[in-house]
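See below for the structure under consideration.
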Amino acid sequence: MKRKNVKLMMLAALFPMLCWAAGEQPISLGTPTGEIQGRVMLPDVERPPVVLIIAGSGPTDMDGNSLLGAVTLKNNSLKLLAEGLARRGIASLRYDKRGIASSAAAGKEEKDLRFDDYVADARGWIELLSEDSRFSGIFVVGHSEGSLIGMLASEGNAKVKGFVSIAGAGHPAYEIIETQMSNQPAEVRQLVKNINDSLRAGKAVNDVPVGLMALYRPSVQPYLMSWYRYDPREVVACLEQPVLLVQGDKDIQVSVGDAEALKAAQPQAELHLIENMNHVLKSCDTVDAGVQQATYTNPDLPVVEELLNVIEKFIKP
C-alpha cells in the first residue's frame, strides 16, 4: 500500500507537466444561445499570466480579420499579437465574437442583439480563465470597440489584474457617428443628431430616411440604444485596476485625441503613444488611406514591436 501511495504522489507531481503543452489550443464558452469558440496561446513557461484579447467592431474575427461583403481584410493583427506575447512568456485567449466565424451559431437575430451581450461574453471568458490553474493572473486587452467591452467586463471585477486599451475610442458612439458625418450637408447632420437624441432617450425612430437606413434600420436600433448608454471616459474612470492606454499616431480610425480623453478621465492610467503604428497594429509612416490599405490586407507584416514591449512591461513589470 505504501509503494502504491508513493507512485500516486509521483504521478500527481508530474501531472501539471504532462498537461502543459506550449502552442495553440481550442477552447469554447457555453452561452444560452450557443458556444463561442476561441484559441488559447500558451508560451513555453509554466503558470504564465494570461490576457483576454477582445476584437473590435463589425465582423472581426479572433485573428483581427474582417469579412466585408465578398472581401476579406486579412492582416492577422490579433493572432500576431498573441504570438508575440507568447514569445515573451505571456499566454492569451482570443475568440470569435458571437455570430462571427466559428462562433456564428451563438449569434442572435439583429433585433435581439445588445452591446451588453458582448460584455457578458467577455465576463464569461474571464470567469473561465479564473478557474484555470495554468495561469497566474488575468489581464484584459481590448482593441478598438473591444476596448469599451473590456472596460465594462473589468469594472468591479477583482479577477482582472489590469486592463489594456489599444486604439480605444475616447467618446461615446453617438458622438463618433456625428463626427464621421461632419462633412455631410447641414440637413443630414441634423437628421443624424435628431435620430441619435431619440435613441439615447430610448425611443425608436420609425421614419428613418432611405439614405440613413443602413445605419439606423429598425432592427439595429435596439443595439444602438444599448451602445449609446456608455461613455468610455466615464467607464475608464471607474476602473480600479492598473490601466494602460496604447495608441498609434498613424491610426486613421481612432485618434490620439481619443487616447488623451481616456487619460484625462483616468489620470492614474499609463498612456503610451506609438510612432508609426496604425489601427491594425502595423508599421506605417503615413495617414494616407490608400497607402494604409495595403497593411490591412497583409498578414505577413508583423505587429509593431514596441506594442509588444509596452504590454510586456505592463504585465510583467
- Message: Quick check on my filter: what residues within the stretch 217-257 are farther than 25 Å from L307 by Cβ and either in contact with a His (Cβ under 6 Å, 6 or more places away or on another chain) or of a type in the set (K, R) (or both)?
- Response: R217, R229
- Wholly inside the stretch 35-105, strands (runs of 3 or more DSSP E) that include 2 or more residues that are of a type in the set (S, T, Y) are 91-95
- Task: Please work out if G23 is within 23 Å of D121 (Cβ to Cβ) and not aliphatic (A, V, I, L, M).
- Result: no
- For helices (runs of 4 or more DSSP H) lying entirely in the stretch 214-317, having 1 or more residues that are free of Cβ contacts under 8 Å to residues at least 12 places away in the same chain picks out 289-296, 305-315
- Task: For A269, state whether it is closer than 17 Å to I166 by Cα, in contact with a Leu (Cβ under 6 Å, 6 or more places away or on another chain) and modelled with pLDDT of 95 or more.
- Result: yes
- Message: Six or more apart or on different chains, Cβ atoms under 7 Å: show the pairs whose first residue is in the stretch 126-147 and closer than 19 Å to G84 by Cβ and assigned by TED's automatic domain parsing to the domain that holds V160 and whose second is surrounded by fewer than 19 Cβ atoms within 10 Å (Cβ to Cβ) and modelled with pLDDT under 95.
- Response: S144/S57
- Might you let me know whether the stretch 138-145 holds any residue that is closer than 18 Å to G58 by Cβ and in a strand (DSSP E or B)? yes
- Just to be sure, is V208 surrounded by 14 or more Cβ atoms within 10 Å (Cβ to Cβ) and either not assigned by TED's automatic domain parsing to the domain that holds K282 or not in a helix (DSSP H, G or I) (or both)? yes
- Query: Quick one: how many residues across the stretch 90-112 are more than 15 Å from T60 (Cβ to Cβ) and among the polar types (S, T, N, Q)?
  - Reply: 1
- Is there a residue being over 18 Å from Y230 (Cα atoms), surrounded by fewer than 24 Cβ atoms within 10 Å (Cβ to Cβ) and not assigned by TED's automatic domain parsing to the domain that holds A259 anywhere in the stretch 150-158? no
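The values are calculated or read from the model by the stated rules, or taken from the named source; none is laboratory data. Quick caveat: nothing in here was measured; it's all calculated off a predicted structure. Every residue, glycine among them, receives a Cβ derived from its backbone with ideal geometry; neighbour counts consider all protein chains shown.
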